[in-house]
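Visitor: Before I ask anything, let me first share the structure, which is written out below as structure tokens.
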Amino acid sequence: MAAKLKKGDKVVVLAGKDKGRQGEITAVFPKENKAVVDGVNIAIRHRKQTQSSQGGRVPVAMPIDLSNLSLLDKNGKATRVGFRLEEDGSKVRFAKTTGDVI
């Protein structure tokens, strides 16, 4: 199945503690149905000090379920994603609200 959300997409969080926050997808895990969004779902992780890096409490963006994310259209509103075939036979994603190709 084609991916509705991909790395680099601007998304908005629909549910959870970060509801309404926006960010860009930095990683997608299709098997787990999760994605990491920059600046969303932040958790504190404790890192041990090494010769190359300082230890301490480090904020890390954790994966969030894809069902809690929605793509942003050109107007900055949440939209669903659809697929259609172009004239040249290629399959493209489009925003359901505006009809624009993503």
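Coordinate-derived values only; no laboratory data. What you see is a predicted model; the values in this text were computed from it and never measured. All Cβ positions, even for glycine, are placed from backbone atoms using ideal geometry, and neighbour counts span all protein chains on display.
Visitor: So for segment 47-64 (the condition being touching a residue at least 60 places away in the same chain (Cβ under 8 Å), in contact with a strand residue (DSSP E or B) (Cβ under 9 Å, 6 or more places away or on another chain) and β-branched (Val, Ile, Thr)), does at least one residue qualify?
Guide: No, that holds for no residue.
Visitor: Additional query: Out of all the residues in segment 88-99, which are of a type outside the set (A, V, I, L, M, F, W, C) and either touching an Asp or Glu at 6+ places or on another chain (Cβ under 7 Å) or outside any loop (DSSP other than H, G, I, E, B) (or both)?
Guide: Within segment 88-99, Lys91, Arg93, Thr97, Thr98 meet the criteria.
Visitor: If you don't mind, another one. Over 11 Å from the mean Cα position of the chain (by Cα) and among the acidic types (Asp, Glu): does that describe Asp73?
Guide: yes
Visitor: Can you tell me which residue in segment 1-38 is nearest to the chain's Cα centre (by Cα), limited to those that are part of a strand (DSSP E or B) and among the polar types (S, T, N, Q)?
Guide: Selected residue: Thr26.
Visitor: Quick one: Ser67 ticks every box in (1) outside any loop (DSSP other than H, G, I, E, B); (2) surrounded by 12 or more Cβ atoms within 10 Å (Cβ to Cβ); (3) under 13 Å from the mean Cα position of the chain (by Cα) bar one, so which box is it?
Guide: The failed condition is (2).
Visitor: While we're looking at this one, here's another question. Among (1) at negative phi; (2) surrounded by 12 or more Cβ atoms within 10 Å (Cβ to Cβ), which single condition is Gly16 missing?
Guide: In the conditions (1) at negative phi; (2) surrounded by 12 or more Cβ atoms within 10 Å (Cβ to Cβ), Gly16 misses (1) alone.
Visitor: While we're on this one: For segment 1-55, which residues satisfy the criterion of being of a type in the set (Val, Ile, Thr) and under 19 Å from Val81 (Cβ atoms)?
Guide: Within segment 1-55, the subset of a type in the set (Val, Ile, Thr) is 11-13, 25-26, 28, 36-37, 40, 42, 44, 50.
Once the filter is applied, which keeps residues that are of a type in the set (Val, Ile, Thr) and under 19 Å from Val81 (Cβ atoms), segment 1-55 yields Val11, Val12, Val13, Ile25, Thr26, Val28, Val36, Val37, Val40.
Visitor: In addition: Quick one: in segment 40-61, of everything that is assigned to a loop (DSSP other than H, G, I, E, B) and surrounded by 13 or more Cβ atoms within 10 Å (Cβ to Cβ), which residue is farthest from the chain's Cα centre (by Cα)? Give the derivation first.
Guide: Start the filter on segment 40-61 by keeping residues that are assigned to a loop (DSSP other than H, G, I, E, B), which leaves 40-41, 48-55.
Now restrict to residues that are surrounded by 13 or more Cβ atoms within 10 Å (Cβ to Cβ): 40-41.
Details: Val40: 9, Asn41: 11 Å.
So the residue we want is Asn41.
Visitor: Hey, could you check segment 70-87 for residues that are of a type outside the set (Val, Ile, Thr) and part of a strand (DSSP E or B) and say which is surrounded by the fewest Cβ atoms within 10 Å (Cβ to Cβ)? Let's see the steps before the verdict.
Guide: The initial filter retains those residues of segment 70-87 that are of a type outside the set (Val, Ile, Thr), namely 70-78, 80, 82-87.
From what's left, part of a strand (DSSP E or B): 70-72, 78, 82-85.
Working: Ser70: 18, Leu71: 22, Leu72: 17, Ala78: 17, Gly82: 13, Phe83: 11, Arg84: 11, Leu85: 9.
For segment 70-87, the residue satisfying everything is Leu85.
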